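Beneath this line is the structure, given in C-alpha coordinates, with notes to follow.
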Amino acid sequence: MEKAIQLKVRKDLDPRQQLTVIKLKGSLISKGYTEIIHILDQDEEFHINTFETGAEKKNEAQQYIAAFINAENLQDAVSLQ
(Lines give C-alpha, C1' and ligand atoms only; values in the text may rest on other atoms or scores of the structure.)
Protein backbone atom coordinates (compact mmCIF):
# COMPACT_ATOMS: atom_id res chain seq x y z
CA MET A 1 0.00 0.00 0.00
CA GLU A 2 1.27 3.46 -0.85
CA LYS A 3 1.25 6.45 1.48
CA ALA A 4 1.11 10.11 0.52
CA ILE A 5 3.61 12.64 1.80
CA GLN A 6 2.93 16.36 1.50
CA LEU A 7 5.35 19.25 1.52
CA LYS A 8 4.20 22.83 2.04
CA VAL A 9 6.46 25.07 -0.05
CA ARG A 10 6.49 28.86 0.15
CA LYS A 11 5.93 30.52 -3.24
CA ASP A 12 8.21 33.53 -2.72
CA LEU A 13 11.55 31.73 -2.53
CA ASP A 14 14.85 33.40 -3.23
CA PRO A 15 16.97 31.88 -6.05
CA ARG A 16 19.09 29.77 -3.66
CA GLN A 17 15.99 28.37 -1.96
CA GLN A 18 14.38 27.61 -5.34
CA LEU A 19 17.44 25.67 -6.48
CA THR A 20 17.65 23.81 -3.19
CA VAL A 21 13.95 22.82 -3.28
CA ILE A 22 14.47 21.52 -6.84
CA LYS A 23 17.46 19.57 -5.55
CA LEU A 24 15.30 18.07 -2.78
CA LYS A 25 12.61 16.99 -5.23
CA GLY A 26 15.17 15.51 -7.60
CA SER A 27 16.81 13.57 -4.81
CA LEU A 28 13.43 12.16 -3.69
CA ILE A 29 12.99 10.79 -7.20
CA SER A 30 16.57 9.58 -7.65
CA LYS A 31 16.55 7.81 -4.26
CA GLY A 32 13.45 5.90 -5.33
CA TYR A 33 10.98 7.41 -2.88
CA THR A 34 8.66 8.39 -5.73
CA GLU A 35 8.45 8.75 -9.50
CA ILE A 36 6.41 11.94 -9.68
CA ILE A 37 5.64 14.91 -7.45
CA HIS A 38 2.32 16.74 -7.86
CA ILE A 39 2.19 20.48 -7.23
CA LEU A 40 -1.01 22.29 -6.31
CA ASP A 41 -1.68 25.85 -5.16
CA GLN A 42 -2.79 26.02 -1.55
CA ASP A 43 -3.26 29.79 -1.43
CA GLU A 44 -1.41 32.99 -2.32
CA GLU A 45 1.61 32.04 -0.19
CA PHE A 46 2.11 28.28 -0.54
CA HIS A 47 2.20 25.32 -2.92
CA ILE A 48 1.46 21.80 -1.73
CA ASN A 49 3.78 19.18 -3.21
CA THR A 50 2.39 15.66 -2.87
CA PHE A 51 3.91 12.32 -3.73
CA GLU A 52 3.16 8.68 -3.10
CA THR A 53 5.71 6.32 -1.62
CA GLY A 54 5.60 2.75 -0.48
CA ALA A 55 4.42 2.21 3.09
CA GLU A 56 7.79 0.67 3.97
CA LYS A 57 9.59 3.82 2.75
CA LYS A 58 7.31 6.49 4.23
CA ASN A 59 9.20 6.98 7.53
CA GLU A 60 12.57 6.86 5.76
CA ALA A 61 11.42 9.47 3.23
CA GLN A 62 10.08 11.75 5.96
CA GLN A 63 13.34 11.48 7.90
CA TYR A 64 15.33 12.23 4.75
CA ILE A 65 13.18 15.31 4.02
CA ALA A 66 13.46 16.60 7.60
CA ALA A 67 17.25 16.15 7.59
CA PHE A 68 17.52 17.87 4.18
CA ILE A 69 15.41 20.82 5.35
CA ASN A 70 17.61 21.23 8.43
CA ALA A 71 20.92 20.77 6.58
CA GLU A 72 19.98 23.29 3.89
CA ASN A 73 18.35 25.76 6.32
CA LEU A 74 14.97 25.62 4.56
CA GLN A 75 12.79 25.71 7.69
CA ASP A 76 11.12 28.96 6.57
CA ALA A 77 10.56 27.70 3.02
CA VAL A 78 9.48 24.03 3.26
CA SER A 79 7.65 21.97 5.85
CA LEU A 80 6.29 18.44 6.05
CA GLN A 81 2.50 18.26 6.37
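The values are calculated or read from the model by the stated rules, or taken from the named source; none is laboratory data. Only a predicted model underlies this, so the values are computations on that prediction, with no experimental measurement involved. Positions of Cβ are backbone-derived with ideal geometry, glycine not excepted, and every protein chain shown enters the neighbour counts. These accessible areas exclude ligands, DNA and RNA; they are computed on the full protein's heavy atoms, side chains included. Shrake-Rupley method; radii C 1.70, N 1.55, O 1.52, S 1.80 Å.
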Practice item. Would you mind working out the accessible area per residue for segment 2-65, using a 1.4 Å probe, and quoting it in Å²? Key: 63
Exercise for review: With just the Cα atoms of the chain, tell me how far they stretch along each of the three principal axes, in Å, largest first.
Suggested key: 35, 26, 18
Review point. Simple spin-label model, 7 Å along Cα-to-Cβ: residue 60 to residue 31 in nm?
Key: 1.0
Check your understanding: Which whole-angstrom value gives the distance between the alpha carbon centres of segment 1-47 and segment 60-81?
Key -> 10
**Study point:** Candidates per trypsin sites (Lys or Arg not before Pro) in segment 5-40, loop by DSSP, up to 16 other Cβ within 10 Å
**Key:** 11, 31
Practice item. Excluding residue 46 itself, calculate the net charge of residues whose Cβ lies under 15 Å from the Cβ of residue 46, where each Lys or Arg counts +1 and each Asp or Glu counts -1. Key: -3
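For segment 16-56, what's the relative contact order in percent, using C-alpha pairs closer than 8 Å and at least 6 residues apart?
29
Between residue 10 and residue 52, what is 0.36 nm times their sequence separation minus the Cα-Cα distance? Round to one decimal in nm. Mind showing how you got there, number by number?
Details: separation 42, 0.36 × 42 = 15.12 nm, distance 2.07 nm.
Answer, rounded to one decimal: 13.0 nm.
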Check your understanding: Once both axes come from the Cα atoms, what is the angle between helix 15-30 and the longest principal axis of the chain, in degrees from 0 to 90, rounded to 10?
Key -> 10
Exercise for review: Give the range of the longest stretch in the chain that excludes all GluC sites (Glu not before Pro) found in loop regions by DSSP and having at most 14 other beta-carbon atoms within 10 Å.
Suggested key: 46-81
